[in-house]
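Laboratory data are not the source of any read-out in this text; all were calculated from the coordinates shown. Everything numeric in this text was worked out from a predicted model, so none of it was measured. Here the Cβ positions follow ideal geometry from the backbone for every residue, glycine too, while neighbour counts run over all protein chains shown.
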Amino acid sequence: MNIKKFKDAEALSLAVAKFIIALIKGKPTATLVLTSGDTPRRAYQLAVDMAQSVDFSKCMIIGLDEWVGIGPESVGSCRYIVEENFLKPLNVTKENYTFFDSLSPDLTSECQRVDKLILDRGGLDLMLVGIGLNGHIGLNEPGYAFDHYCHVTDLAQMTIDVGQKYFEAATPLTKGITVGLKHLLEAKTAMIMASGEKKAAIIGQTVNSPVSTEIPSTVFQLHKEGLIWVDELAGSMI
């Protein structure tokens, strides 16, 4: 586990953008899992600015998670955020990215599809995640074991409440479908990015608490190439 602090959210976002672009330039066949949410949005926008000559025709980008029952056209969907801020501006073709179909009547098959894709491509080069206030990574909520590949989860009430901010109206959320923490542990590099004072406490717990499924983000202590990149506010307790 390696920790790096940046002076503010903009500096953090720029560093993450450079990391993503350098990875694809250095390994055009890279396989990446990318998170959604507010935190990475600026990083994706900055990556677009520096990626005009980057070849995305051999890489594979996989969405980290999705709200079960929410379609890709919803502004609150995880897919929408990554597509609108990164994939579409760069004209990345749909052959080079995939997201969970959370409307599928067979979510188990969806999990197996993404697991197989990751396996067939030789594993993940990068798994980029945010962090929930309860320590969830993707939609791996407290209590879920670290040995899951892609799976369906029951959402914690905190996640349901915070998730409402992505939608234009109150939206029922009960379950998530997510890349599991076993994929994270097997990824060549895993990275948390976090910014803002509200993330300080959970980042502190992530680094200083014993490894436990009750704080899923402590899984990063088990990853030799686990990167925790934060701004000064989010890193104020480490």
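Things worth noting here:
- Nonlocal amide H pairs with Val33, under 5 Å, H built at 1.01 Å: Ile62, Leu126, Met127, Leu128
- Principal semi-axes in Å for segment 2-231 [√(5λ), Cα gyration tensor, largest first]: 23, 21, 18
- In this rough spin-label picture, where each label sits 7 Å from Cα along the Cβ direction, the Glu232-Asp154 distance is 4.3 nm.
- For the pair Ser109 and Leu133 in one chain, pulling the backbone fully straight at 0.36 nm per residue adds 5.7 nm over the alpha carbon distance.
- Highest-first arrangement of 200-207, 158-165, where packing means the average Cβ count within 10 Å: 200-207, 158-165
- By the helix-only formula, in which each DSSP H run with n ≥ 4 contributes -39500 (n - 2.57) and the sum is divided by residues, the chain has a 222 nm mean residue ellipticity of -8500 deg cm²/dmol.
- Restriction of the chymotrypsin sites (Phe, Trp or Tyr not before Pro) in segment 143-181 to DSSP coil positions whose beta-carbon has at most 10 other beta-carbons within 10 angstrom yields no sites.
- Three principal axis extents of segment 108-238 based on alpha-carbon atoms, in descending order, are 40, 40, 24 Å.
- Taking amide H positions as modeled 1.01 Å from N, with prolines and chain starts lacking one, the residues under 5 Å from Leu227 and 5 or more places away or on another chain are Asn2, Ala190, Met191, Ile192.
- Distant-in-sequence amide H partners of Thr171 (H built 1.01 Å from N, under 5 Å): none
- Cα-Cα over 18 Å, subset of Lys58/Lys182; Lys5/Lys199; Lys88/Lys116; Lys88/Lys175; Lys182/Lys224: Lys58/Lys182; Lys88/Lys116; Lys88/Lys175
- Here the gap between Lys165 and Glu73, fully extended at 0.36 nm per residue and compared with their Cα-Cα distance, gives a gain of 31.5 nm.
- Leu90-Lys25 pseudo-label distance in nm [points 7 Å out on the Cα-to-Cβ vector]: 1.2 nm
- Within straight-line cross-link reach of Lys7, aspartates and glutamates at Cα separation under 14 Å, skipping those fewer than 8 residues along the same chain: Glu197, Asp231, Glu232
- Cysteines (scope the chain) whose Cβ has no counterpart Cys Cβ under 4.7 Å: Cys59, Cys78
- Length added when fully stretched, Lys188-Leu119, from 0.36 nm per residue minus Cα-Cα: 23.5 nm
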